[in-house]
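Each remark here refers to the structure printed beneath this line.
The values are calculated or read from the model by the stated rules, or taken from the named source; none is laboratory data. Since the structure is predicted, the reported quantities are computational estimates derived from the model, not experimental observations. Glycine also receives a Cβ, built like all others from the backbone with ideal geometry; neighbour counts cover every protein chain displayed. For the accessible areas, the whole protein counts, side chains as well, though only heavy atoms, and no ligand, DNA or RNA atoms are used. Shrake-Rupley method; radii C 1.70, N 1.55, O 1.52, S 1.80 Å.
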Amino acid sequence: MIEPLSEAERADALDALADWDHDDGRDAITRSFKFVDFSEAFAFMTRVALLAEKADHHPEWSNVWNRVDILLTTHDAGGLSTRDVALAQAIDALVE
Ligand code: HBI
């Protein structure tokens, strides 16, 4: 069982993940990325996919041409967990 974040942990995480929005309905975090073209967007997705496999924690995501929309939540926890925070930070590092 993966524990969901506590209220305090969630507040701290959302503060730290300034580029992510909280989806209250799902207790998830979302971020949209825009690249110069599809090739760059897909290269980003490939790198995220490798991070996700390494973490055994996978995004819910969509791609339209140069845009990638990512939603992170932990299905096994029914909401946000430390796995989402860690993956979001690793994803941010790809584009920082
Ligand atoms: N990814 N976002 C997300 N949420 C999960 O609960 C999850 C996952 N990837 C893999 C996975 N669970 C399973 O491997 C569990 O056994 C951990």
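Points to keep in mind about this one:
- Segment ARG67-ARG47, length gained on full extension (0.36 nm per residue, minus Cα span): 5.7 nm
- Expressed as a whole percent, the accessible area of region 12-96 that falls on carbon and sulfur atoms is 51 (1.4 Å probe).
- With every protein chain in place and a 1.4 angstrom probe, the accessible-area ranking of GLU60, GLU7, largest first, reads GLU7, GLU60.
- Per DSSP, loop trypsin sites (Lys or Arg not before Pro) in the chain with at most 15 further Cβ within 10 Å: ARG26
- The label-point distance for GLU3 and VAL36, in a model that sets each label 7 Å from Cα toward Cβ, rounds to 4.5 nm.
- For the chain, with +1 on Lys and Arg beta carbons and -1 on Asp and Glu, the positive-most of VAL85, MET45, ALA13 along the dipole: MET45
- Report summary: the helix-based calculation at 222 nm, which adds -39500 (n - 2.57) for every DSSP H run with n ≥ 4 and divides by the residues of the chain, gives -14000 deg cm²/dmol.
- Given +1 at the Cβ of Lys and Arg, -1 at the Cβ of Asp and Glu and no other charges, the dipole of the chain around its Cα centre is 380 debye to the nearest 20.
- Among the chymotrypsin sites (Phe, Trp or Tyr not before Pro) found in region 23-70, those both in a DSSP coil and sparsely packed, with 11 or fewer other Cβ atoms within 10 Å of their Cβ, are TRP65.
- Folded to 0 to 90 degrees: helix 7-16 orientation relative to the chain principal axis, Cα: 30
- Once the 1.4 Å probe is applied to the protein heavy atoms, region 7-93 comes out at 57 Å² accessible per residue.
- In nm, spacing of pseudo-spin labels at ASP23 and ALA11 (7 Å Cα→C-beta vector): 2.5
- Extension gain, LYS54 to ALA93, is 12.5 nm, computed as 0.36 nm per intervening residue step minus the present C-alpha separation.
- In sequence order, calculated HN-Hα J values of region 78-95 (Karplus, 6.51, -1.76, 1.60; Hz; x Gly/Pro): x, x, 6, 10, 4, 5, 5, 4, 5, 5, 4, 5, 5, 5, 4, 5, 6, 10
- Gaussian network model of the chain, springs between alpha carbon atoms under 10 Å - residue of VAL85, VAL48, VAL64 with greatest fluctuation: VAL64
- Ratio of Rg to Rh over the chain (Cα coordinates, Kirkwood Rh, two decimals): 0.96
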